[in-house]
Amino acid sequence: MSKKLFSAFKPLLKSLLVFGLIFTLVLGNASNALAARTGGRMGGGSFRAPSSRTYSPPGGGYRAPGGGYGGGYGGGYGGGYGGGIGFPFLLPLFGIGGGFGGLFGILIFFALANFLVQTFRRVGQGGDNDVPGYSNPKISVARLQVGLLANARGLQKELNEIGLGADTGSAVGRAQLLQESTLALLRHPEYWVYGAAQSQQTALEAAEAKFNQLALAERSKFTEETLSNVNNQLREGTSKAALPGSGGQLVATDAPGEYIIVTILVGTEGKLELPTINSSDELRQAIRQMGSISSDRLLAVEILWTPQAEGDTLTTDDILAAYPDLKLV
(Lines give C-alpha, C1' and ligand atoms only; values in the text may rest on other atoms or scores of the structure.)
Protein backbone atom coordinates (compact mmCIF):
# COMPACT_ATOMS: atom_id res chain seq x y z
CA MET A 1 0.00 0.00 0.00
CA SER A 2 2.76 2.40 0.98
CA LYS A 3 4.64 1.64 -2.23
CA LYS A 4 1.55 2.50 -4.27
CA LEU A 5 1.14 5.83 -2.43
CA PHE A 6 4.82 6.67 -2.95
CA SER A 7 4.51 5.89 -6.66
CA ALA A 8 1.45 8.14 -6.89
CA PHE A 9 3.11 11.10 -5.15
CA LYS A 10 6.53 10.67 -6.85
CA PRO A 11 5.70 12.88 -9.88
CA LEU A 12 4.32 15.54 -7.55
CA LEU A 13 7.52 15.53 -5.47
CA LYS A 14 9.62 15.97 -8.60
CA SER A 15 7.49 18.93 -9.65
CA LEU A 16 7.84 20.53 -6.21
CA LEU A 17 11.63 20.07 -6.36
CA VAL A 18 11.82 21.75 -9.78
CA PHE A 19 9.69 24.69 -8.61
CA GLY A 20 11.87 25.00 -5.52
CA LEU A 21 15.03 25.24 -7.60
CA ILE A 22 13.48 27.85 -9.90
CA PHE A 23 12.31 29.89 -6.91
CA THR A 24 15.79 29.78 -5.37
CA LEU A 25 17.43 30.94 -8.61
CA VAL A 26 14.97 33.81 -8.99
CA LEU A 27 15.60 35.00 -5.44
CA GLY A 28 19.35 34.64 -5.96
CA ASN A 29 19.29 36.84 -9.05
CA ALA A 30 17.16 39.42 -7.26
CA SER A 31 19.64 39.47 -4.41
CA ASN A 32 22.49 40.05 -6.85
CA ALA A 33 20.57 42.92 -8.42
CA LEU A 34 20.08 44.52 -5.03
CA ALA A 35 23.78 44.08 -4.27
CA ALA A 36 24.93 45.90 -7.40
CA ARG A 37 28.41 47.35 -6.90
CA THR A 38 29.16 50.93 -7.89
CA GLY A 39 32.75 51.90 -8.66
CA GLY A 40 34.96 54.94 -9.02
CA ARG A 41 37.97 55.31 -11.31
CA MET A 42 40.59 58.02 -11.79
CA GLY A 43 44.01 58.28 -13.41
CA GLY A 44 45.59 58.13 -16.84
CA GLY A 45 48.97 58.19 -18.51
CA SER A 46 50.88 56.93 -21.51
CA PHE A 47 53.39 54.17 -22.20
CA ARG A 48 55.02 55.96 -25.13
CA ALA A 49 58.77 55.39 -25.37
CA PRO A 50 60.84 58.29 -24.03
CA SER A 51 62.84 60.33 -26.55
CA SER A 52 66.27 58.87 -27.23
CA ARG A 53 69.45 59.95 -28.89
CA THR A 54 69.85 59.23 -32.57
CA TYR A 55 72.53 58.78 -35.20
CA SER A 56 71.48 61.55 -37.62
CA PRO A 57 73.20 64.88 -36.92
CA PRO A 58 73.78 67.37 -39.74
CA GLY A 59 76.93 66.57 -41.64
CA GLY A 60 77.08 62.90 -40.62
CA GLY A 61 78.51 61.18 -37.60
CA TYR A 62 77.03 60.50 -34.15
CA ARG A 63 75.90 63.49 -32.11
CA ALA A 64 75.08 63.32 -28.43
CA PRO A 65 73.34 66.10 -26.46
CA GLY A 66 75.74 68.68 -25.11
CA GLY A 67 78.58 67.89 -27.53
CA GLY A 68 80.21 64.67 -28.65
CA TYR A 69 80.86 63.17 -32.03
CA GLY A 70 79.87 65.49 -34.85
CA GLY A 71 81.17 69.00 -34.26
CA GLY A 72 84.58 70.64 -34.57
CA TYR A 73 87.57 70.14 -32.30
CA GLY A 74 86.02 72.31 -29.60
CA GLY A 75 82.71 70.38 -29.60
CA GLY A 76 83.79 66.85 -30.53
CA TYR A 77 85.20 64.73 -33.27
CA GLY A 78 83.97 64.80 -36.84
CA GLY A 79 84.49 68.29 -38.24
CA GLY A 80 87.33 67.21 -40.56
CA TYR A 81 90.84 68.65 -40.87
CA GLY A 82 89.59 72.21 -41.24
CA GLY A 83 87.82 72.55 -37.87
CA GLY A 84 89.27 69.69 -35.87
CA ILE A 85 90.20 66.04 -36.15
CA GLY A 86 87.63 64.17 -38.22
CA PHE A 87 87.26 60.61 -39.41
CA PRO A 88 90.58 60.85 -41.36
CA PHE A 89 92.28 60.35 -37.97
CA LEU A 90 91.90 56.60 -38.71
CA LEU A 91 94.19 56.87 -41.73
CA PRO A 92 97.43 56.80 -39.72
CA LEU A 93 96.44 53.33 -38.52
CA PHE A 94 96.92 52.14 -42.06
CA GLY A 95 100.29 53.81 -42.67
CA ILE A 96 99.12 57.20 -43.89
CA GLY A 97 100.62 59.96 -41.74
CA GLY A 98 102.47 59.39 -38.53
CA GLY A 99 103.78 61.05 -35.43
CA PHE A 100 101.14 62.51 -33.14
CA GLY A 101 98.35 61.61 -35.58
CA GLY A 102 99.21 57.91 -35.49
CA LEU A 103 99.30 57.74 -31.70
CA PHE A 104 96.10 59.72 -31.38
CA GLY A 105 94.36 57.46 -33.92
CA ILE A 106 95.34 54.37 -31.93
CA LEU A 107 93.83 55.86 -28.76
CA ILE A 108 90.61 56.74 -30.55
CA PHE A 109 90.46 53.28 -32.08
CA PHE A 110 90.57 51.67 -28.64
CA ALA A 111 87.94 54.11 -27.36
CA LEU A 112 85.59 53.19 -30.21
CA ALA A 113 86.21 49.49 -29.70
CA ASN A 114 85.36 49.82 -26.00
CA PHE A 115 82.21 51.76 -26.87
CA LEU A 116 81.05 49.04 -29.28
CA VAL A 117 81.76 46.26 -26.77
CA GLN A 118 79.75 48.06 -24.08
CA THR A 119 76.88 48.69 -26.49
CA PHE A 120 76.58 45.04 -27.52
CA ARG A 121 76.87 43.97 -23.87
CA ARG A 122 73.97 46.21 -22.88
CA VAL A 123 71.82 44.93 -25.72
CA GLY A 124 72.60 41.36 -24.63
CA GLN A 125 71.49 42.14 -21.07
CA GLY A 126 67.94 42.88 -22.16
CA GLY A 127 67.97 46.43 -23.42
CA ASP A 128 67.14 48.07 -20.09
CA ASN A 129 70.02 50.51 -20.29
CA ASP A 130 70.29 53.73 -22.26
CA VAL A 131 71.72 52.49 -25.54
CA PRO A 132 72.03 55.23 -28.18
CA GLY A 133 69.46 54.83 -30.94
CA TYR A 134 67.43 52.24 -28.99
CA SER A 135 65.16 52.75 -26.01
CA ASN A 136 63.35 49.82 -24.42
CA PRO A 137 63.71 50.29 -20.66
CA LYS A 138 62.32 47.91 -18.09
CA ILE A 139 58.93 48.94 -16.71
CA SER A 140 57.33 47.83 -13.45
CA VAL A 141 53.58 47.22 -13.47
CA ALA A 142 52.19 46.94 -9.94
CA ARG A 143 48.84 46.47 -8.21
CA LEU A 144 48.04 47.24 -4.58
CA GLN A 145 44.67 46.48 -2.98
CA VAL A 146 43.38 47.55 0.42
CA GLY A 147 40.17 46.34 2.03
CA LEU A 148 38.71 48.61 4.71
CA LEU A 149 35.70 48.38 6.99
CA ALA A 150 32.66 50.26 5.72
CA ASN A 151 33.02 52.56 8.76
CA ALA A 152 35.70 54.36 6.74
CA ARG A 153 33.07 56.40 4.89
CA GLY A 154 35.35 59.43 5.29
CA LEU A 155 37.86 57.76 2.96
CA GLN A 156 35.12 57.14 0.42
CA LYS A 157 34.26 60.84 0.42
CA GLU A 158 37.95 61.82 0.15
CA LEU A 159 38.41 59.63 -2.93
CA ASN A 160 35.28 61.11 -4.48
CA GLU A 161 36.60 64.65 -3.92
CA ILE A 162 40.05 63.74 -5.27
CA GLY A 163 38.48 62.19 -8.36
CA LEU A 164 36.36 65.27 -9.06
CA GLY A 165 39.23 67.75 -8.73
CA ALA A 166 42.30 65.83 -9.95
CA ASP A 167 44.30 66.94 -12.99
CA THR A 168 44.68 63.55 -14.68
CA GLY A 169 45.90 65.02 -17.96
CA SER A 170 49.46 65.84 -16.84
CA ALA A 171 52.30 63.83 -15.32
CA VAL A 172 52.56 66.16 -12.33
CA GLY A 173 48.79 66.01 -11.76
CA ARG A 174 48.78 62.20 -11.87
CA ALA A 175 51.67 62.00 -9.40
CA GLN A 176 49.78 64.34 -7.08
CA LEU A 177 46.67 62.18 -7.49
CA LEU A 178 48.68 59.12 -6.45
CA GLN A 179 50.16 60.90 -3.43
CA GLU A 180 46.82 62.23 -2.21
CA SER A 181 45.13 58.85 -2.59
CA THR A 182 47.85 56.97 -0.72
CA LEU A 183 47.82 59.64 2.00
CA ALA A 184 44.07 59.13 2.38
CA LEU A 185 44.69 55.41 2.92
CA LEU A 186 47.53 56.04 5.38
CA ARG A 187 45.23 58.25 7.47
CA HIS A 188 42.79 55.38 8.10
CA PRO A 189 44.92 52.43 9.35
CA GLU A 190 42.36 51.57 12.02
CA TYR A 191 39.98 50.42 9.26
CA TRP A 192 42.45 48.21 7.36
CA VAL A 193 41.25 44.62 7.17
CA TYR A 194 42.65 43.12 3.96
CA GLY A 195 45.64 43.74 1.71
CA ALA A 196 47.38 42.36 -1.37
CA ALA A 197 50.24 43.51 -3.59
CA GLN A 198 51.96 42.32 -6.73
CA SER A 199 54.61 43.77 -9.03
CA GLN A 200 56.37 42.53 -12.12
CA GLN A 201 58.93 43.90 -14.54
CA THR A 202 58.35 43.83 -18.26
CA ALA A 203 59.66 45.45 -21.42
CA LEU A 204 58.16 48.78 -22.43
CA GLU A 205 56.26 47.40 -25.42
CA ALA A 206 54.51 44.80 -23.20
CA ALA A 207 53.85 47.05 -20.20
CA GLU A 208 50.76 48.78 -21.56
CA ALA A 209 49.03 45.49 -22.36
CA LYS A 210 49.73 44.19 -18.85
CA PHE A 211 48.51 47.41 -17.25
CA ASN A 212 45.30 47.41 -19.30
CA GLN A 213 44.71 43.76 -18.45
CA LEU A 214 44.83 44.52 -14.72
CA ALA A 215 42.65 47.61 -15.10
CA LEU A 216 39.97 45.76 -17.09
CA ALA A 217 39.93 42.93 -14.55
CA GLU A 218 39.18 45.40 -11.75
CA ARG A 219 36.63 47.42 -13.72
CA SER A 220 34.72 44.25 -14.63
CA LYS A 221 33.95 43.79 -10.93
CA PHE A 222 31.77 46.92 -10.97
CA THR A 223 28.20 46.77 -12.15
CA GLU A 224 28.49 50.47 -13.04
CA GLU A 225 31.11 53.22 -12.86
CA THR A 226 29.41 56.13 -11.17
CA LEU A 227 32.49 58.38 -11.14
CA SER A 228 35.32 58.43 -13.69
CA ASN A 229 38.14 60.93 -14.27
CA VAL A 230 40.68 59.46 -16.71
CA ASN A 231 42.98 61.71 -18.77
CA ASN A 232 40.86 64.70 -17.76
CA GLN A 233 37.66 63.10 -19.10
CA LEU A 234 35.23 63.48 -16.18
CA ARG A 235 32.03 61.43 -16.13
CA GLU A 236 29.50 61.07 -13.34
CA GLY A 237 26.54 58.72 -13.14
CA THR A 238 23.64 58.11 -10.81
CA SER A 239 23.52 54.68 -9.23
CA LYS A 240 20.28 52.71 -9.50
CA ALA A 241 21.47 50.21 -6.89
CA ALA A 242 19.20 50.06 -3.89
CA LEU A 243 19.06 48.20 -0.62
CA PRO A 244 16.06 46.10 0.47
CA GLY A 245 13.30 48.23 1.94
CA SER A 246 14.85 51.52 0.76
CA GLY A 247 12.12 52.32 -1.75
CA GLY A 248 14.69 52.68 -4.52
CA GLN A 249 16.86 55.11 -2.53
CA LEU A 250 20.39 54.39 -1.31
CA VAL A 251 20.59 54.07 2.45
CA ALA A 252 23.85 54.72 4.32
CA THR A 253 24.92 51.77 6.43
CA ASP A 254 27.95 50.83 8.49
CA ALA A 255 26.80 47.32 9.33
CA PRO A 256 29.48 44.78 10.33
CA GLY A 257 30.78 42.65 7.49
CA GLU A 258 30.63 45.43 4.89
CA TYR A 259 33.74 46.82 3.23
CA ILE A 260 35.36 49.30 0.87
CA ILE A 261 38.02 48.07 -1.57
CA VAL A 262 40.64 50.44 -3.01
CA THR A 263 42.88 49.28 -5.87
CA ILE A 264 45.96 51.20 -7.06
CA LEU A 265 47.58 50.33 -10.40
CA VAL A 266 50.83 51.92 -11.56
CA GLY A 267 53.22 51.64 -14.47
CA THR A 268 56.61 53.10 -13.59
CA GLU A 269 60.11 53.18 -15.04
CA GLY A 270 62.70 51.11 -13.22
CA LYS A 271 62.29 48.43 -10.59
CA LEU A 272 59.47 48.56 -8.04
CA GLU A 273 59.43 45.74 -5.49
CA LEU A 274 56.40 45.58 -3.20
CA PRO A 275 56.41 43.45 -0.05
CA THR A 276 54.17 40.42 0.33
CA ILE A 277 51.26 41.61 2.46
CA ASN A 278 50.80 39.59 5.65
CA SER A 279 50.52 42.37 8.23
CA SER A 280 49.50 46.00 8.60
CA ASP A 281 53.17 47.06 8.70
CA GLU A 282 53.84 45.47 5.31
CA LEU A 283 50.68 47.05 3.95
CA ARG A 284 51.81 50.46 5.22
CA GLN A 285 55.22 49.99 3.57
CA ALA A 286 53.61 49.08 0.23
CA ILE A 287 51.30 52.12 0.34
CA ARG A 288 54.25 54.40 1.05
CA GLN A 289 56.25 52.92 -1.82
CA MET A 290 53.39 53.54 -4.20
CA GLY A 291 52.89 57.11 -3.03
CA SER A 292 56.58 58.01 -3.34
CA ILE A 293 56.83 57.37 -7.11
CA SER A 294 57.97 60.61 -8.76
CA SER A 295 56.24 62.20 -11.73
CA ASP A 296 59.24 61.68 -14.04
CA ARG A 297 59.08 57.89 -13.45
CA LEU A 298 55.30 57.45 -13.33
CA LEU A 299 54.00 56.43 -16.76
CA ALA A 300 50.43 55.51 -15.88
CA VAL A 301 48.22 55.23 -12.80
CA GLU A 302 44.66 54.16 -12.10
CA ILE A 303 42.92 54.24 -8.74
CA LEU A 304 39.68 52.32 -8.46
CA TRP A 305 37.40 51.97 -5.48
CA THR A 306 34.13 50.23 -4.72
CA PRO A 307 31.55 50.99 -3.59
CA GLN A 308 31.61 54.57 -4.88
CA ALA A 309 28.03 55.64 -4.27
CA GLU A 310 27.29 56.50 -0.67
CA GLY A 311 25.21 53.75 0.91
CA ASP A 312 26.18 51.04 -1.57
CA THR A 313 27.55 47.93 0.14
CA LEU A 314 30.26 45.31 -0.38
CA THR A 315 29.79 42.18 1.72
CA THR A 316 32.10 39.41 2.89
CA ASP A 317 30.68 37.15 0.17
CA ASP A 318 31.54 39.80 -2.42
CA ILE A 319 35.11 39.94 -1.11
CA LEU A 320 35.53 36.16 -1.29
CA ALA A 321 34.08 35.97 -4.80
CA ALA A 322 35.71 38.99 -6.47
CA TYR A 323 38.94 39.52 -4.50
CA PRO A 324 40.39 36.09 -3.69
CA ASP A 325 43.97 37.42 -3.42
CA LEU A 326 43.24 39.59 -0.39
CA LYS A 327 44.76 38.53 2.94
CA LEU A 328 43.79 39.49 6.45
CA VAL A 329 46.14 42.04 8.00
Given the structure, is Phe222 more than 26 Å from Pro275 (Cβ to Cβ) and among the aromatic types (Phe, Trp, Tyr)? yes
Taking the options Leu314, Leu328, name whichever one is open to solvent by less than 10 Å² (accessible area, probe 1.4 Å) and under 23 Å from Ala150 (Cβ atoms). Leu314
Condition first: buried (at least 22 other Cβ atoms within 10 Å of the Cβ), within 22 Å of Glu269 (Cα to Cα) and not polar (S, T, N, Q). Now tell me which residues in the range 144-177 satisfy that. Leu144, Arg174, Leu177
Tell me which residues, restricted to the range 289-311, are closer than 14 Å to Gly45 by Cβ and open to solvent by 10 Å² or more (accessible area, probe 1.4 Å). Ser294, Ser295, Asp296, Arg297, Leu298, Leu299, Glu302
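The values are calculated or read from the model by the stated rules, or taken from the named source; none is laboratory data. Note that the structure is predicted; figures quoted are calculated from it, not measured. In this analysis, Cβ positions are derived from the backbone assuming ideal geometry, glycine residues included, and neighbour counts consider all displayed protein chains. All accessible areas refer to the heavy atoms of the entire protein, side chains included, with ligands and DNA or RNA removed. Shrake-Rupley method; radii C 1.70, N 1.55, O 1.52, S 1.80 Å.
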